[in-house]
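The block underneath contains the structure these notes are about, expressed in structure tokens.
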Amino acid sequence: QVQLVESGGGSVQAGGSLRLSCAASGTIFTINTMGWYRQAPGKQRELVARITSGGITNYADSVKGRFTISRDNAKNPVYLQMNSLKPEDTAVYSCYGFIDSTLYWGQGTQVTVSS
């Protein structure tokens, strides 16, 4: 059974950095696009960043220039380096991935940025 396991969340002061990672485990043949969504209390879920198996990246306008998504190869893990964090980045961050044509989600990890 395929699972996505996230790590790296936590609490940081504004201006600080965190790195999230997302690793897929199980019997896997092909991993396509992977990425991160986030959801803050009372707000809609927002796509933060995604990366294709070929390394093409997309970012939400709110994180461009501050966040970087990367992967070591076409498989996993996937990393989200978050720099210059702001209080408005506070949310639950969830990893997702299209693995063998099926969409999987991680369990979510809390990121809290204090002012």
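The values are calculated or read from the model by the stated rules, or taken from the named source; none is laboratory data. Nothing here was measured: the structure is a model prediction, and the numbers come from that model. Because the Cβ atoms are built from the backbone with ideal geometry, glycine has one as well, and the counts that use them run over all protein chains shown. Remember, those area values only see protein heavy atoms, side chains included, never the ligands or the DNA or RNA. Shrake-Rupley method; radii C 1.70, N 1.55, O 1.52, S 1.80 Å.
Here is how the numbers come out for the structure above:
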item: Candidates LYS86, LYS43, LYS64: whichever shows maximal mean-square fluctuation once the chain is modelled as a Gaussian network with Cα springs under 10 Å; result: LYS43
item: Inter-label distance for SER25 and LEU47, nm, one decimal - labels placed 7 Å from Cα along Cα-to-Cβ; result: 2.9 nm
item: Segment ALA40-LYS64, length gained on full extension (0.36 nm per residue, minus Cα span); result: 6.8 nm
item: Normalised contact order of the range 53-115, rounded percent, pairs of Cα under 8 Å and 6 or more residues apart; result: 25 percent
item: Taking the convex hull of Cα positions in the range 1-99, its mean projected area over all directions (nm²); result: 6.2 nm²
item: Estimated dipole of the chain in Debye, rounded to 20 [Cβ of Lys and Arg +1, of Asp and Glu -1, Cα centre]; result: 140 debye
item: Mean separation of Cα contacts under 8 Å, 6 or more apart, over the residue count of the chain: relative contact order %; result: 36 percent
item: Accessible area expressed per residue, the chain, with surrounding protein chains retained (probe 1.4 Å, Å²); result: 52 Å²
item: Under Karplus coefficients 6.51, -1.76 and 1.60, residue-wise ³J(HN,Hα) of the range 43-50 in Hz, glycine/proline x; result: 10, 6, 5, 10, 6, 8, 6, 8
item: Heavy-atom accessible surface of the chain: percent carbon and sulfur, 1.4 Å; result: 47 percent
item: Of ARG50, ARG38, ARG19, the one that fluctuates the most in a GNM where the chain has Cα springs shorter than 10 Å; result: ARG19
item: Highest-fluctuation residue, GLY65, GLY26, GLY54 considered, GNM on the chain with Cα pairs under 10 Å; result: GLY26
item: Difference of contour (0.36 nm per residue) and Cα-Cα distance, LYS86 to LEU103; result: 3.2 nm
